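Every number in this text was worked out from the coordinates using simple rules, so none of it is lab data. Just so you know, these numbers come straight off a predicted model, no measurement behind them. Glycine gets a Cβ as well: all are built from the backbone with ideal geometry, and neighbour counts include every protein chain shown.
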Amino acid sequence: MFEDEIQLAQLIDHTVVGPETTIDDVARACKDAKRYGFACVVVSSCHVSRAREWLSNSLIKVCSVVGFPHGASTTTVKIVEAMEAMKNGASELDIVVNVGMVKSGKYDFVEIDVKNVIAMTPQKVHKVIIETGSLTSDEIVRVSKIAAKAGAEFVKTSTGYGSRGASVEDLRLIREAVGSQCRIKASGGIRDLAAVSALIEAGAERIGTSAGPAIMEEYLKSRK
């Protein structure tokens, strides 16, 4: 499925966003990203500037989460967080929809929320996290369409803090909803090469995982 380790690495967003993530954890993630050549390192907004510094002199991007993990901040707070991350060096933004508002059926609110964050951070890659494990099939389809309409480059499945991570069925529903309007990032519970392969085969074009180095080592071992 993968031509070589470079192709695999470029599909991976190496993620360190846990509540107990230390500065040393971020430094280690940046070092691993440079070692393997990952697409980007995903961090909480407070770590963007140091991650950008540690990844200088490389092509690896910094991605900041916004409204993480529940999307329950006000739109203004999300905009400020996103703009601050952009100012500090983030090239990509993973924006969490307000899951509670989705479950409340307030789709107009969800659309305005996402659209305004994207509009205020132009020329960045926007990935909208919809938390598929908390949604019905109909909700997945509706929110995916909202994200695509708002201008997101990716619909992202999960934060990793929901009831479950990405599934092949999630990807099928998202692809059916958005067609070729935007791409899909699978995340949540992806810890080995088999999971990566299944999700890529199902249509994911980016993989979010905290297990990037382990997955790369598994792939390299399989090639020997």
Tell me the residue from Lys106, Lys78 that is more than 24 Å from Asp25 (Cα to Cα), crowded, with 17+ Cβ neighbours inside 10 Å, among the charged types (D, E, K, R) and free of Cβ contacts under 8 Å to residues at least 40 places away in the same chain, please. Lys78
For region 183-202 the number of residues that are buried (at least 22 other Cβ atoms within 10 Å of the Cβ), outside any helix (DSSP H, G or I) and not charged (D, E, K, R) is 5
Tell me which residues, restricted to region 28-54, are outside any helix (DSSP H, G or I) and surrounded by fewer than 24 Cβ atoms within 10 Å (Cβ to Cβ). Gly37, Ala39, Ser44
Those residues that are under 13 Å from Arg183 (Cα atoms), in contact with an Asp or Glu (Cβ under 7 Å, 6 or more places away or on another chain) and outside any loop (DSSP other than H, G, I, E, B), I need them from region 150-168; list them, please. Lys156
Between a first residue in region 117-129 that is under 20 Å from Ile140 (Cα atoms) and free of Cβ contacts under 8 Å to residues at least 40 places away in the same chain and a second residue that is among the aromatic types (Phe, Trp, Tyr) and surrounded by 23 or more Cβ atoms within 10 Å (Cβ to Cβ), which pairs have beta carbons less than 8 Å apart while being 6 or more apart in sequence or on different chains? His126/Phe154; Val128/Phe154
Number of the condition not met by Ser180 [criteria: (1) of a type outside the set (Phe, Trp, Tyr); (2) touching a helix residue (DSSP H, G or I) at 6+ places or on another chain (Cβ under 7 Å); (3) part of a loop (DSSP other than H, G, I, E, B)]: (2)
